[in-house]
1. Which residue pairs have Cβ atoms under 9 Å apart, sit 6 or more places apart or on different chains, and have a first residue in the range 164-191 that is within 21 Å of Ala128 (Cβ to Cβ) and at pLDDT below 95 and a second that is in a helix (DSSP H, G or I) and open to solvent by 60 Å² or more (accessible area, probe 1.4 Å)?
2. Among the listed residues Ala78, Ala73, which satisfies the condition of being surrounded by fewer than 17 Cβ atoms within 10 Å (Cβ to Cβ), modelled with pLDDT of 95 or more, over 20 Å from Gly182 (Cβ atoms) and of a type in the set (Gly, Ala, Ser)?
3. Of the residues Pro223, Pro212, Pro188, which single one is open to solvent by 50 Å² or more (accessible area, probe 1.4 Å), touching an Asp or Glu at 6+ places or on another chain (Cβ under 8 Å) and either over 25 Å from Gln119 (Cβ atoms) or not charged (D, E, K, R) (or both)?
4. Counting just the residues of the range 133-149 that are closer than 18 Å to Arg164 by Cα and open to solvent by 80 Å² or more (accessible area, probe 1.4 Å), which one comes out modelled with the highest pLDDT?
5. Somewhere in the range 232-243, is a residue open to solvent by 90 Å² or more (accessible area, probe 1.4 Å), farther than 23 Å from Val113 by Cβ and not in a helix (DSSP H, G or I)?
6. Has the range 38-50 got at least one residue that is farther than 30 Å from Ala165 by Cα, of a type in the set (Lys, Arg), buried (at least 19 other Cβ atoms within 10 Å of the Cβ) and more than 17 Å from the chain's Cα centre (by Cα)?
7. Pairs, please: C-beta under 6 Å, at least 6 apart or cross-chain, first residue under 25 Å from Gly24 (Cβ atoms) and in the range 1-12, second open to solvent by 100 Å² or more (accessible area, probe 1.4 Å)?
Amino acid sequence: MLNILRNGTPTDLPPLLIVHGLFGSARNWGAIAKRLGDSRSVISVDMRNHGESPWYDSHGYDDLAGDLAQVIAAEGVAMDVLGHSMGGKAAMMLALTRPELVNRLLVADIAPVTYAHSQSHFITAMRAVDISALKTRADADAALGANVADPGVRAFLLQSLDLRASPPRWRLNLDVLEHEMGRITGWPDDVQGSFDGPALFLSGAKSDYVLPEHRPAIKALFPDAKFAKIPDAGHWIHAEAPRPFEATARMWFD
């Protein structure tokens with residue numbers, strides 16, 4: 001079972017499942033989960049090979065969707081599902097393979113397509129940090145800065161560094177994530193069926209992850225898909241525009 005964080009209490013509204021992206025964790029969504037929890041129960045998960053969840057040798061979207069299905073089954077009721085990036089693909093696969101478990105779907109800045117980019121350079125950068133020599137978060141930021149220029153990206157990655165552990169460790173299965181990167185940035189060719197329920201594809205206006213040419217692929221799998229953009233936000237829309245993102249999610253799910 002995946003590690004989960006809970007916010008809110010059960011109400012007449014369906015519970016909400018929040019699924020983070022690559023290198024993320026449930027804690028990344030803490031503020032939004034807490035605010036959305038004012039009207040419903042909210043469960044945020046650490047995906048496999050992330051955070052405090054178990055590590056496995058496989059990291060395909062069939063695996064990730066299966067993990068999410070197990071979480072929902074344990075709750076005993078269908079849920080609304082919000083997924084960002086890798087988590088958005090996992091949420092899509094869940095809706096396609098186990099539609100009875102999903103009420104409404106919000107996919108944040110990702111499409112059911114294969115992307116040409118790789119995130120393995122971030123794994124290389126994390127591996128290059130001698131974490132055994134680190135004493136403070138500032139030390140870690142300086143060390144990671146040798147290979148990651150963007151301070152926002154460094155801050156995000158460092159949320160997965162546990163300096164209190166003995167010895168310090170990354171709460172990421174870097175070996176498997178690197179080995180499975182092609183599956184993470186990809187999308188299976190043999191996906192069957194469709195999800196006929198409500199699905200919102202929400203993207204950042206400055207992001208190039210969801211393009212007009214992706215819409216036929218989205219509509220083929222999600223015929224009731226709606227599309228929206230948040231101005232002045234890129235791929236990390238929940239971090240770059242948290243209040244507009246929260247307001248949109250609240251409107252969609254409530």
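1. What qualifies is Pro167/Ser132; Pro168/Ser132.
2. Result: Ala73 is the single residue among Ala78, Ala73 that is surrounded by fewer than 17 Cβ atoms within 10 Å (Cβ to Cβ), modelled with pLDDT of 95 or more, over 20 Å from Gly182 (Cβ atoms) and of a type in the set (Gly, Ala, Ser).
3. The unique qualifying residue is Pro223.
4. Arg137
5. Yes, the range 232-243 contains at least one residue that is open to solvent by 90 Å² or more (accessible area, probe 1.4 Å), farther than 23 Å from Val113 by Cβ and not in a helix (DSSP H, G or I).
6. So far as the range 38-50 goes, yes, one or more of its residues are farther than 30 Å from Ala165 by Cα, of a type in the set (Lys, Arg), buried (at least 19 other Cβ atoms within 10 Å of the Cβ) and more than 17 Å from the chain's Cα centre (by Cα).
7. Between residues of the range 1-12 that are under 25 Å from Gly24 (Cβ atoms) and residues that are open to solvent by 100 Å² or more (accessible area, probe 1.4 Å), the close pairs are Asn3/Glu52; Asn7/Lys34.
The values are calculated or read from the model by the stated rules, or taken from the named source; none is laboratory data. Keep in mind it's a predicted model, so treat the numbers as computed, not measured. Cβ coordinates were reconstructed from backbone atoms using ideal geometry, including for glycine residues, and neighbour counts include every protein chain displayed. For the accessible areas, the whole protein counts, side chains as well, though only heavy atoms, and no ligand, DNA or RNA atoms are used. Shrake-Rupley method; radii C 1.70, N 1.55, O 1.52, S 1.80 Å.
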